[in-house]
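Enquirer: Please find one structure pasted underneath; my questions will follow.
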Amino acid sequence: MKIVMMGSGGVGGFFGGKLAHAGYDVSFVARGAHLAALREHGLAIENAEGGEELRVPRVRATDDPASLGKADLVILSVKLWDTEAAARAIKPLVGPDTAVLSLQNGVRKDEVMRREFGEAAVMGGVCYVATTIVRPGVIGQTGAMQRVVIGEYDGRQSDRARFLHQALRDAGVQAELSSDVRRAIWEKYVFLVGLSGSTTSMRVPIGPVRSHPRSRAFLLQLMSETVATGRAHGVGLPADFAENRLAFADTLPAEMTSSMHHDLQRGNRLEVDWLSGGVVELGQDKGIATPANSAVWAILAPHAAGEGAP
């Protein structure tokens, strides 16, 4: 199966690198200095605790998706504001039998994919990993978590889903096939809204957030509002799921933070409009109050477009 990673940063570079290292046919779409490094030196994954985890000395990398020809599977991991542009860019890769899988954040990502490629092409998926580009050509991972949940929206176990599930397992990734992938995506959304909203607005990693009673309560409220919103939209989340995620947060390395916090530190554009802002908008649709997420959305508004943006 020919796999193309549309976006080769923390998520795409990590999972694409793991698959390539395991011997699968993987191509990377990247740009700038990162692309140049991939072409010259290949791709490396480093772990803060364990040093270099793996290196793929030669990878196929381009900034022109059309040059790769038709793919069997396209995996998107671009930032949410690039979703529509990325969908247009990968059209030359998508044939009648191509599967399109987004590992992006948020719960509305696949609406764009369905509009562009139709219902049948789109698989559902979500990932858990703490990664970022530490320097061109090198993906840095914090902690050991590397989990992917995939599935078809109709609940069946298709050949393409089974293939990717096995490929990820071959690559050493904790992979799961879900019969309710929409719920799995919302489960990640609950945690991500809490992690990104708290760490980015407070400018600290998860350790200090969970350690102080008031910041811990705020983290829980961010997630509780997201659970209430998802349940109002018919997602089968347990009523106490926010408390479950808070307990999960207690198991994470204290220095772990969110990609949105990294983006704030670097002066990059933020995904807050799709994360906390998405909860506010989806909550309004169903009459759910979301004051904590409204606060994060407002606090980060001056930074949302990145440094130097109008």
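Enquirer: I'm checking my understanding of the structure. Among residues of the range 71-103 that are over 23 Å from GLY32 (Cβ atoms) and in contact (Cβ under 8 Å) with a residue 60 or more places away in the chain, which one is surrounded by the fewest Cβ atoms within 10 Å (Cβ to Cβ)?
Expert: My answer is ASP72.
Enquirer: May I pose another question? Just to be sure, is GLY267 at positive phi, without any contact (Cβ under 8 Å) to a residue 60 or more places away in the chain and out of contact with any helix residue (DSSP H, G or I) (no Cβ under 8 Å at 6 or more places or on another chain)?
Expert: For GLY267, the condition - at positive phi, without any contact (Cβ under 8 Å) to a residue 60 or more places away in the chain and out of contact with any helix residue (DSSP H, G or I) (no Cβ under 8 Å at 6 or more places or on another chain) - is met.
Enquirer: From the residues in the range 10-67 that are open to solvent by less than 20 Å² (accessible area, probe 1.4 Å) and assigned to a loop (DSSP other than H, G, I, E, B), which one is farthest from GLY125 (Cα to Cα)?
Expert: GLY42
Enquirer: Among (1) without any contact (Cβ under 8 Å) to a residue 12 or more places away in the chain; (2) under 17 Å from ALA301 (Cβ atoms), where does GLY197 come up short?
Expert: That leaves (1) as the condition not met.
Enquirer: When only residues in the range 160-173 that are among the aliphatic types (A, V, I, L, M) and over 15 Å from MET123 (Cβ atoms) count, which is surrounded by the most Cβ atoms within 10 Å (Cβ to Cβ)?
Expert: Here the answer is ALA171.
Enquirer: When you go through (1) within 22 Å of the chain's Cα centre (by Cα); (2) farther than 17 Å from ALA289 by Cα; (3) open to solvent by 10 Å² or more (accessible area, probe 1.4 Å) one by one for SER224, which number turns out not to apply?
Expert: (2)
Enquirer: Follow-up question, since we're still on this one. What's the number of the condition GLU307 fails, among (1) part of a loop (DSSP other than H, G, I, E, B); (2) surrounded by 13 or more Cβ atoms within 10 Å (Cβ to Cβ)?
Expert: With (1) part of a loop (DSSP other than H, G, I, E, B); (2) surrounded by 13 or more Cβ atoms within 10 Å (Cβ to Cβ) applied to GLU307, the lone miss is (2).
Enquirer: Taking helices (runs of 4 or more DSSP H) that do not extend beyond the range 229-291, which have at least 2 residues that are small (Gly, Ala, Ser)?
Expert: It comes to 241-249, 276-286.
Here is a yes/no grid of residues against (1) open to solvent by 20 Å² or more (accessible area, probe 1.4 Å); (2) aromatic (Phe, Trp, Tyr):
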| residue | (1), (2) |
| --- | --- |
| ALA175 | no, no |
| ILE185 | no, no |
| TYR189 | no, yes |
| GLY197 | no, no |
| THR200 | no, no |
| VAL204 | yes, no |
| PRO208 | yes, no |
| ALA217 | yes, no |
| THR229 | no, no |
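The values are calculated or read from the model by the stated rules, or taken from the named source; none is laboratory data. Keep in mind that this is a model prediction, so the values were computed, not measured. A quick note on method: Cβ atoms are made from the backbone with ideal geometry, for glycine too, and the neighbour counts reach across all protein chains shown. Areas reflect the complete protein model, heavy atoms only, side chains present, ligands, DNA and RNA absent. Shrake-Rupley method; radii C 1.70, N 1.55, O 1.52, S 1.80 Å.
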